[in-house]
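K.L.:
Let me give you the structure first, and then I'll get to my questions.
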């Protein structure tokens, strides 16, 4: 029997490795990706030997420190097991039972995706289900295992990224969400926590070196600061946050994860609060207007040298040139040179547009 091959990687690498395997024409579309708590196995064809596959991937990614844990592994032959009902199948079945008046068109529009933060569930019901959402929410809560269901009725607004939520089921909106060994306390009705950024939170958590000083210019409740503090143990992280609600949870989360000696929270506009000429690394985890904060980012870098992790949105056909040009041009204005180290597509932002992060060396 021919052995089935797969690429075993850390879970944050999926998007980039999968894209590379497609380009190399070795992704096996006939088998499913296998996920565990910390790693992922992506099936590949037997077009090349394991050594050839590794060499081709190394050519794709060069010396990227975060991409060293790549292995070619063999997978056992699949075993036939009784099919287990997926959560959405159970939701569909229960909705048919309690709301027999729903048409097949209505049922097809039921949300197939949701976000579970701790035990608080966030669901986007389409407008055609407005009259039924309150009766359907308990079904989602029962199947998914949530105590509260929130309906995200509008897109996130304003520079503080405030969501618009309606409670459909339950009462409590504060929860503790655990991810990659990090605890995040958050009020899901007042603050965002995007599951689409999970791979980037895992990636950034192991990149810094011990002894570094880091400035997180848009800390939120600690989305990037906490994973870095827990897993990389840098000397210091200055976590800047403008939203007072998010800042309160940032302070709680620092204590919750026992990283008070590493993370120093700073309330206010980062252009005023972030200390200058001190950082080895700067995280700009913001989108749409990120370039406006580049002048301050250069000022906080130690001797204006170091690494930026710059988030933004860009049309796919302009990647990675568009965000890198923004950084390079801004660096040139302060007599610095920008060198692109890596770029990662975090998630789709809109049709044809992606949320990306680029790692840039400023020197």
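K.L.:
Return the distance in nm (one decimal) between the two label points of a simple spin-label model at residue 361 and residue 54, each offset 7 Å from Cα along Cα→Cβ.
P.N.:
2.5
K.L.:
Also, quick follow-up: Per DSSP H run of n ≥ 4, the term is -39500 (n - 2.57); total these for the chain, divide by its residue number, and report the mean residue ellipticity at 222 nm rounded to 500 deg cm²/dmol. Please report the intermediate quantities before stating the final value.
P.N.:
Working: 11 runs with 101 residues, N = 363.
After summing the helix terms and dividing by the residues of the chain, the value is -8000 deg cm²/dmol.
K.L.:
If I model a spin label at residue 334 and residue 89 as a point 7 Å from the Cα along the Cα→Cβ vector, what separation in nanometres do I get?
P.N.:
5.5
K.L.:
Have a look at 177, 132, 231 and tell me which one the Gaussian network model of the chain (Cα, springs below 10 Å) gives the largest fluctuation.
P.N.:
Highest fluctuation of the listed residues: 132.
K.L.:
While we're looking at this one, here's another question. When the label point is put 7 Å from the Cα of residue 291 along its Cα-to-beta-carbon vector, which residues of the stretch 321-335 have a backbone N closer than 14 Å?
P.N.:
Residues 321-333 fall inside that zone.
K.L.:
Have a look at the DSSP beta bridges in the chain and tell me what percent are antiparallel, nearest 5.
P.N.:
On the way: 49 of 70 bridges.
So the antiparallel bridges in the chain amount to around 70 percent.
K.L.:
Suppose the chain between residue 104 and residue 278 were pulled fully straight at 0.36 nm per residue; how much longer would it get relative to their current alpha carbon spacing? Don't skip to the end; give the middle numbers.
P.N.:
Details: separation 174, 0.36 × 174 = 62.64 nm, distance 5.99 nm.
Net length gain for the segment: 56.6 nm.
K.L.:
Next question, about the same structure. Can you give the direction-averaged projected area of the convex hull of the alpha-carbon atoms in the chain, in nm²?
P.N.:
20.1
K.L.:
Counting only Cα atoms, I'd like the Rg/Rh figure for the stretch 166-253, Kirkwood definition for Rh. Spell out each step's value before the answer.
P.N.:
Numbers: Rg = 13.6 Å, Rh = 13.6 Å.
My calculation of the ratio gives 1.00.
Read-outs: derived from the displayed coordinates by stated rules, not from any lab. Note that the structure is predicted; figures quoted are calculated from it, not measured. A quick note on method: Cβ atoms are made from the backbone with ideal geometry, for glycine too, and the neighbour counts reach across all protein chains shown.
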